[in-house]
Every structure is written in structure tokens, then in C-alpha cells.
Amino acid sequence: MNKKLIFSMMFGASIMLSTNIMQAQNAESYESLMKKGNDKFSAKDYISAKTYYEMALKQKSGDATAKKKLDETVKKIQEDGARQEVFYAHLDAGDQYYGQQKYEEALSEYEQALKVFPEDKYVGGQADAVRAILKERQDKQDAFDTAMSQGESLLAEENFDAAIMQFETAIGIFPNDKLPKEKLTEARQKKQLYTEKMTRFDNLMEAARQFGLRKNYEAAIDKLSQALELFPNDLQANNLKNDYQTAKGIADRYNGIIAEADRLYESKAYKEAKAQYQSALAVVTDDAYATDMIARLDPLIAQQDAEEAARIAAEQEAARLAAEAEAARIAAEQEAARLAAEAEAARLAAEAEAARIAAEQEAARIAAEQESARLAAEEAARIAAEEEARRQAELAAAEAERQATIKSMLDAAGELFAQQDYANAKLKYQEVVAFDEGNATATAKIQEIDGIFAQMAAELEANYNKAMSAGDQAMTAEQFAEAITQYQTALVFKPNDPTATTQLATAERAENDRIAALRAQYNTFIKEGDGHFKTNTFDKAIEAYTKAEELGLETYPTEMIARISEIIEQNKLYELNSEPMLLAAGQAQRFDFNKIEVAVRRSNYIIIKVRNPHPEKTFPMIVSFGGSGGKNGGFVLPIAAVEEEKTFLFRIGSQYKWFSEDNTWIEIISENNEVEISKLEISRSN
């Protein structure tokens, strides 16, 4: 938000004074301010009187007289504001009912408004207009009510054509009345729906009959069920459905028997199949299909009986042949056993000869192996001597390689140490000690690194303690975001520290609670601002949006303030001044304009942009308005002791005298000091 553009939000019959009014060296005296306040109070200009009494209290803080007069003035302002609120509430309700053609309700609201301000011309004119409408309507009302009542009854009876005629008659009586038009539309729609419903019903009935003729009873019953959903009590549809359900039961039973008979026929169970076909004839007498199938089955059954007899004879012959074959098999097995015994005796004689030959060959092999063993022992002694010589050479080479490795490891550790990579350097020196136990160089370096680590640990502890202390101080000051930062810093120095972790969680919860509270407060202000924005009460909307803006959560309130400024600028009625002009102390400057239509007065705002060229002074600036009959009202703007240009937005439409009278001028007087006025406009919220 551009902080140089400051809105002073004043609403109802009161003025919210800027809190930055400062005591000035050249300010008016207490007595002068009290006298002006009393004069304004006597003239019933309570808004101006309130400002003077408040300024007097600035001069003499706690003064009982000024405080008493201020309390009396505030009470008067509240009383006037309450009366105006009641008046405007009834006026708005009356206008709303009037627009809805609810004339009795509108007249009641207008009459309530006139009880507050009996002489109000606008409300009186509206009430007279409503009475004239009601008188004109009374002569036609009975005929209208009769037509509407009969139309409703006929519509309930689904006598659509007659209902349409009645609603058309009602429209002819009151062409602008919305209700008969709505009922006429409803009747026509219901007639169309009924016609479509009948067409659908007839189509379903015809489809059901066609399926019935084809004995597709299931499909026919489905169509009839759909038709009965449209007209459940139709006698013809119900009777036809019952007939088809009976026929379907018989058909289902017949088809089940026939299906089983056909299955038995296919599996050649001819006698069982014939019994099923005969059962089908009991369900559907003289059925041609069942009769035909029985005729087919008789010769098949005879043939099947003959085949069964032949099968039994064949089985008996097969049994005789099997017995003869079994006797022949037993004789063959006995001959085979005799031949096998003769073969076993020949095999045993052959195995004995083979064993003798093998024993002779084994004796020759053992003699050969003993000679080979002697030669092998001599070769082993030679190889052992060569192996010992090689091992000694390898030991010497290994020691040289070990020393080279130690030097390489020390060099690598030294390089890491030089780079201050102490952790990895220590690991390398530990590897040297593990490789060369007691290595003096590595041991000394490890001790040196441990000393460095101890110093670093002390520094980390100090930094940790410093961050924790700063976090605790921030928590005490309820600066939770700073506390979160400090506890996170502490965890950098001491990761996973339970105290820092706990404190961080506490700070985060507190910060979340703080943000949640701000968010709740912000949402309240935004809801309030949006509510006032919707009702075009822009001064109150700006006040709420400004409070939300100061919380610094989102840009939405700033955007809404800018949007309101744009709306007011776009709806400008009169631009009374657009160039900077100096108004001398005590000088009155009047700005004339044509009267504003009553219908838009309630939404009027006055926008004044001023600058104090002498910021060492604080003074009041009086804004009055009136018409040909003189002054009708006004208000006082407190000009603060700052040079910064300030824009005042005043909802002048909230003052009854602005709404009820034909005002044609605005006058500005700056007391005790000159002031620069760069803008004076009359605008409206919609």
C-alpha cells in the first residue's frame, strides 16, 4: 500500500479521529475550543461539536467539563445514528419489496420509515405510489385470485389444458405479475411431460404385445413393467402382465422339460428321453415337437435293445478266449524259468576264471608303484630346497614393500593434516598404527589431532551455548521466528541435541500458534471488509482491509483498497476541485454543484485530499453542505501536524440531511491555519 495515501474512515454519524494528532505550540486555547464545541452542540451539529471537545481534551487532559460534554455529544450522535439506521433499514426493505412487487410489505416498511422522519419526501412519494398500485389492483384481485386458485386445482388434477386457460386469464388481469407466468410455464411443461409420458407408455404397450405374439414373454413382461412405472394403476397393462406371467410360467416349465429331454436324446438315453417328452405332453397337450420326438425314439429304443443283447453275447465269448490265453501264458513262464537256471550256472564259471587273472595283474602293479615312490622322494627333496630359497627372497621383498607402504600412508595422512582435514588424517594415521603397530610418527600425530579436536569441541560448545541463549531470549520476547533460527543454529553445532530439538519444536509450535492467531484475526478483518464491500459501505470496508493489511499476511487487502479507490474514482459524480489551492486561515471556500438524484444519494462519498503546509500546527478544517435554504449539515476534519498529503474518504450519504434535502453546495473553512486542497470530489459506491 502507498503509505502516502491514507484514508480517514468516518462512518455513521461519528468521525474516527486520527491517533497521530499532536499537541502543537500554536494550537487553539481550551476556552476557544470549548466555546466552538458548545456553539455546534446548540446548533445540533453534534459531529463538529464532538471534534472540538476532543481537541479541548487534548489541551486539558482529563478535564471533567470537556469530558462530560463529549459524553453528551457522543450519546446524541449515537441516538441520531440509531434513528437513521432504523430509517434506512425500513427504507431499504421497502425498496426491495417494491422491486419484488410485494406491495403490501413495501407499504408497511415505508410507513415504518415515515414514523422516524415523517416529512421525508422520497419515502412519502414511494408510499403514495404503492397505495395507488394497491388500489388499482384491488378491483382485479378477486378475479385474479379465482383464476389462480382454479388453475392450481386443475393443475393438481392434471387437467393441463384447462389449467393453462386459467393461468392465461390471470396474466390478462395482471400482465406484469410474475407468478401466473411462472405457473403457466409450469403447466405447459407438465403437459408436455405428460404427453411424452403417454407416448412412451403407448410405445411400451405395443412393444409388449409384439413380444407376446412371438411368445417372448420375458421381454413382454419387461416392457409392461416399464409401462407400469409410468402409470402404475393402468388396468389393461396390469391384466396383460398377469396373463403373460402365467403364460411364461407354463412356457418355462415346458421348455425346461424339453431341454432335459433333448439332452437325454443327444446322450442316447432314449428311454429316459421318451419319458421326458411324454411329461412335456402333459404340460402342453398335443405338442407337435414332443409327439414327433416320441415317434422317432420308438425304433431307436428297439435298436438299442438289440444292440444290448449282442453286446452281452460278445462279452461272454471274450471271457472264454481270455481263459485260454491265461493257460498258455503260465506254460510259457515255466519254460522260461528252466532256461534262466541253465544260463546262471554258465555265468558263475566265467566269473571264477576272471578273478584268477585279476589277482595276477594286481601283483605286477604293486611292484611298479614301489619303484615310482623311490624316485618321487628324491624329487621332493630337491623341490624343498628350491622353495626355501624362494621364500627367503620373498620375505626380503615383502619387508621392503611394507616400508614403502608405511611411507605412502604417512605421506597421505600428512597431506590431509596439512589441509586441516583432521578427521580423515586421524583415520589415516590410525591405519598406519594398525599396519605398523607402535609407529612413533603416527602415534604422535594422532595425539596432536586429538588436541585439535578438543579445542574445536570447546568452540562448538561455546557456539551452541550462544545460539541456545539467543533462542531462549527470543522465546522470552515472543520473537518465535528468531528463536527458531537460533535453535536451528544450535543444532548445526550439536546435531540431534535433545534440548535444542525440544526447544525448536516448542518455538515452532508457538510460531504456528502466533501465525494461526494472526490468520484468524486476518480472516475476521477480511470477512468484515468483504461484507462491507458487498454492501458498498466502502469506508468501513477500507477500515477493515487496512487492519488486515497491517498484519502483513497477503496482498489481498491492499488490492481491495486499491479496487475501492478505483470504483469511487470511476463513479465520480462531481469533480469540484482538481488542482492544488491554498485556503487561508478562516477563509470560506464554497463549491457549487447540481442537486443529486435521491436514488443515488445514500451511496455518496466525499473525497478530500489535503496537505498541511505548516506541519508544526494542528487545526480543524470544517466541511459543511447545504442548499438554497441554507446549511443542512457537515463534519470536521482534524488536520494533523504532518506535511504528508492525506486523503479523507467520508460517507456523506449516511447523514440524513444529505439524503433528505436537495443539497447544491459544499463549503470548506480552515481554522487557524492555511491548508492546501488538491482534490474535492463527490462520488458514489455504485
Inset, instruction - Could you give the size of the charge dipole of the stretch 415-493 about its Cα centre, using +1 on the Cβ of each K and R and -1 on the Cβ of each D and E, expressed in debye and rounded to the nearest 20? - result: 40 debye
Inset, instruction - Could you go through the stretch 679-686 in sequence order and give the Karplus-derived ³J(HN,Hα) for each residue, using 6.51 cos²θ - 1.76 cosθ + 1.60 with θ = phi - 60°, rounded to whole Hz, and x for Gly and Pro? - result: 8, 8, 9, 10, 9, 9, 7, 8
Inset, instruction - Report the local net charge at Thr246: Lys and Arg +1, Asp and Glu -1, summed over other residues whose C-beta lies under 15 Å from its C-beta. - result: +1
Inset, instruction - Return the FRET efficiency for the residue pair Leu582, Asp128: r is the Cβ-Cβ distance, R0 is 45 Å, and the value is rounded to the nearest 0.05. - result: 0.35
Inset, instruction - Starting from 0 in steps of 5 Å, tell me what percent of the Cα-Cα pairs of the stretch 565-686 lands in each bin. - result: 2, 11, 23, 24, 19, 13, 6, 2, 0
Legend entry - Karplus-derived 3J(HN,Hα), 6.51/-1.76/1.60, for each residue of the stretch 524-529, Hz, glycine and proline x: 4, 5, 5, 4, 5, x
Inset, instruction - Run through all the Cα pairs of the stretch 193-254 and give the fraction in each 10 Å bin from 0, expressed as whole percent. - result: 25, 53, 18, 4, 0
Inset, instruction - Please determine, in degrees from 0 to 90 and to the nearest 10, the orientation of helix 270-283 with respect to the longest principal axis defined by the Cα atoms of the chain, where the helix direction is its Cα long axis. - result: 30 degrees
Inset, instruction - Using DSSP to define loop residues, name the GluC sites (Glu not before Pro) in the stretch 530-593 whose beta-carbon has at most 16 other beta-carbon atoms within 10 Å. - result: Glu554
Legend entry - For the chain: relative contact order, % (alpha-carbon pairs under 8 angstrom, 6 or more apart): 14 percent
Legend entry - Label-point gap, in nm, between Asn594 and Ala396 - each point 7 angstrom along Cα→Cβ: 12.6 nm
Legend entry - Cα gyration tensor, the chain - rounded (a/c under 1.5), prolate or oblate: oblate
Legend entry - Cα→Cβ-extended label distance, 7 Å offset, between Gln419 and Thr502, nm: 4.1 nm
Legend entry - Under 20 Å from Lys572, Cα to Cα: lysines that are on another chain or at least 8 residues apart: Lys534, Lys540, Lys595, Lys609, Lys646, Lys679
Legend entry - Estimated distance in nm for a label pair at Ala143 and Gln245, the labels positioned 7 Å out from Cα along Cα-to-Cβ: 5.5 nm
Legend entry - Neighbour-count ranking [beta-carbon atoms within 10 angstrom, fewest first] of Tyr522, Tyr289: Tyr289, Tyr522
Inset, instruction - Tell me, rounded to the nearest percent, the portion of alpha carbon pairs in the stretch 461-554 spaced more than 24 Å apart. - result: 42 percent
Inset, instruction - Note the angle between two axes, namely the Cα long axis of helix 422-435 and the longest principal axis of the Cα atoms of the chain, as a number of degrees from 0 to 90, rounded to the nearest 10. - result: 20 degrees
Inset, instruction - Please give the helix 46-59 orientation as an angle from the longest Cα principal axis of the chain, in degrees from 0 to 90, rounded to the nearest 10. - result: 90 degrees
Inset, instruction - Please compute the net charge surrounding Phe625, taking Lys and Arg as +1 and Asp and Glu as -1 over other residues with Cβ under 12 Å from its Cβ. - result: 0
Legend entry - Fewest-first sequence of Leu91, Leu300 by Cβ atoms within 10 Å of each Cβ: Leu300, Leu91
Inset, instruction - With 29 Å as the limit, write out which pairs from Lys241/Lys274; Lys121/Lys631; Lys407/Lys494; Lys102/Lys190 have Cα-Cα distances beyond it, or answer none. - result: Lys241/Lys274; Lys407/Lys494
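Laboratory data are not the source of any read-out in this text; all were calculated from the coordinates shown. Fair warning: this is a prediction, and the values are worked out from it, not measured in the lab. Here Cβ is always computed from backbone atoms with ideal geometry, including for glycine, and neighbour counts include all displayed protein chains.
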